[in-house]
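The values are calculated or read from the model by the stated rules, or taken from the named source; none is laboratory data. What you are looking at is a predicted structure, and each value in this text was computed from that prediction instead of being measured. All Cβ positions, even for glycine, are placed from backbone atoms using ideal geometry, and neighbour counts span all protein chains on display. Note: areas computed on protein heavy atoms with side chains; ligands, DNA, RNA excluded. Shrake-Rupley method; radii C 1.70, N 1.55, O 1.52, S 1.80 Å.
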Amino acid sequence: MSSKTPKILIYSHDSFGLGHLRRCRAIAQSLVGDFDTLSVLILSGSPIIGSFEFRSRVDFVRIPGVIKLRNGEYTPLSLHINIDQTLAIRSSIIEHTAKVFDPDIFIVDKEPLGLRGEVLPTLEALKETDTRLVLGLRDVMDDPQILKEEWDRKNVYPALKDLYDEIWVYGPEDICDPLDGIDLPETVSDKLRYTGYLRRELPKSALDQPAPTPFDDEPYILVTPGGGGDGVEMVDWVMRAYEARQRPLFPALIVLGPFMPAAAAAQFSERAEHLRDVEIIRFTPQIEPYLANATAIVGMGGYNTFCEILSFDKPTLMVPRVVPRREQAIRAERAEKSGLLKVLPIDRYPDPDLMAAALSELPEMASPSSAGVDNLLGGLEIISSRVGEIFEEQQSDERKLVNF
């Protein structure tokens, strides 16, 4: 640390959607703002990582993309080679990048061994160095029994016990426990640190430009299915409510997301042309200004959308998915019990009257802050504090070696 500037490497496998990338990006952007000489490099399989703005001293390495099929198997996103070859290339890039970049901290997002074990060689190599190895977990992983079976099958426990130095949970301890129901040895439990949710703010470029006004300064509801790949039912349900028009509703701005199937996106855009108070945006890498200006939000319940809901403090209706994971439903149920938002179960789809009633009540609902839940959004500050402590520990160790 004394002879080089600090560096953090973050791995985000990104087989589908925006969740992993946006979480890692939020952490990276925050950290370089807190540490003047820090450089952060993100390893990502996201095909759209280049669409996002990054602060100075944050960069990325794009590894070949993969997608998960409905049967649970993975396939290359673009390359006409088999999945084993693709994973071998990805694993080699990850390990070589880590060796050359020589990070002080290596943060792995969600998957303890990476996609199909691709990060394990890098973890084993870095364990022989002074790099601090950190596993970052979102507040909810999945139904506890399903997660236990998955982790048993992947044999992740030796890595949790012998390779990782710390496990950061990006949520408050008293709302969600991602490892509930998993019998962890005490040595692993002692590595857990709960950070709180990750606050989101308007990007600097948005502060320098006029805020978007999609309905000429009229109040509007923002509808966001996140990446959009599994949001067709939710968007269709909202549009059915506007098409039925049984009661007055605030205008709706729907951001479909980059992974919304092209045919569905085209159909939604065509339907919106016949609705005077519904506008469609295919994708924007800067959704924050729209969130900030919205009167209320309709979302599915993904981790990043939830952080945005809390950060911009908007009345919210969640319509969480239940397949292939119950993660969103679990988060939404616990948030509703805490008084943070309302939930409309997807199994009531496609009743347009039910959705219209929920939309008409939404703008008058209380914002999340009125629930009085403390210490929700301290995640970035706690991560920054811990990173500073790690840097100090590493500097102290270096000084001891020099003086030995």
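Label zone (SER78, point 7 Å along Cα-to-C-beta; backbone nitrogen cut-off 16 Å) within the stretch 14-52: 14-17, 44-52.
I'd like the FRET efficiency for GLU173 and VAL323, computed as 1/(1 + (r/R0)^6) with the beta carbon distance as r and R0 of 25 Å, rounded to 0.05.
Details: r = 28 Å, r/R0 = 1.12.
About 0.35, to the nearest 0.05.
For the chain, relative contact order (Cα pairs under 8 Å, six or more residues apart, normalised by length) works out to 16 percent.
Which residue, TRP151, TRP237, TRP168, has the most motion in a Gaussian network model of the chain that connects Cα atoms within less than 10 Å? Per the Cα network of the chain with a 10 Å cutoff, TRP151 tops the list. A P(r) calculated from all alpha carbon pairs of the stretch 1-150, with 10 Å bins opening at zero, reads 10, 41, 36, 12, 1 percent.
Taking the Cα centre of the chain as the origin, how large is its charge dipole in debye, to the nearest 20, when only Lys and Arg (+1) and Asp and Glu (-1) carry charge on their Cβ atoms?
Details: 44 positive and 63 negative charges, 140 e Å.
Dipole about the Cα centre, nearest 20: 680 debye.
Where does the stretch 114-229 land on Rg/Rh, using Cα atoms and the Kirkwood Rh?
Numbers: Rg = 19.6 Å, Rh = 17.6 Å.
Using Cα coordinates only, the ratio equals 1.11.
Keeping every protein chain present and rolling a 1.4 Å probe, give me the accessible area per residue for the stretch 180-276 in Å². Don't skip to the answer; put the middle values down first.
Details: 4890 Å² over 97 residues.
The answer is 50 Å² per residue.
For the chain, the longest principal axis of the C-alpha atoms and the axis of helix 232-244 are separated by about 20°. Going by alpha carbons, how many degrees (0 to 90, nearest 10) lie between the helix axis of 303-312 and the longest principal axis of the chain? Value to nearest ten degrees: 70.
For the chain, report the % of Cα-Cα distances exceeding 41 Å. Intermediate values should be presented prior to the final figure.
Values: 12087 of 81406 pairs.
Looking at the chain, the distances longer than 41 Å represent 15 percent of pairs.
Placing unit charges on the Cβ atoms of the charged side chains and taking the dipole of the chain about its Cα centre, the candidate lying farthest along the positive direction among TYR11, GLN395, TRP168 is TYR11.
Calculate the dipole size of the stretch 1-152 relative to its Cα centre from +1 charges on Lys and Arg beta carbons and -1 charges on Asp and Glu beta carbons; express the result in debye to the nearest 20.
Values: 18 positive and 22 negative charges, 92 e Å.
Rounded to the nearest 20 debye, it is 440 debye.
For the chain, set up a Gaussian network in which alpha carbons nearer than 10 Å are linked by springs, and say which option among SER370, SER30, SER385 fluctuates the most. Of SER370, SER30, SER385, the Gaussian network model singles out SER370 as fluctuating most.
Grab the other residues whose beta carbon is less than 13 angstrom from that of LEU184, score K and R as +1, D and E as -1, and report the net.
Values: positive: LYS148, LYS161, LYS191; negative: ASP152, ASP177, ASP180, ASP183, GLU186, ASP190.
That works out to -3.
Measuring between their Cα centroids, the stretch 131-152 and the stretch 241-304 lie 32 Å from each other. Distance between the modelled labels on GLU336 and ASP313, one decimal in nanometres: 2.5 nm (7 Å Cα→Cβ projection). With the Cα gyration tensor of the stretch 237-363 giving a ≥ b ≥ c as the square roots of its eigenvalues, does the rule (a/c under 1.5 for rounded; else a/b larger than b/c for prolate; else oblate) give rounded, prolate or oblate? The shape class here is rounded.
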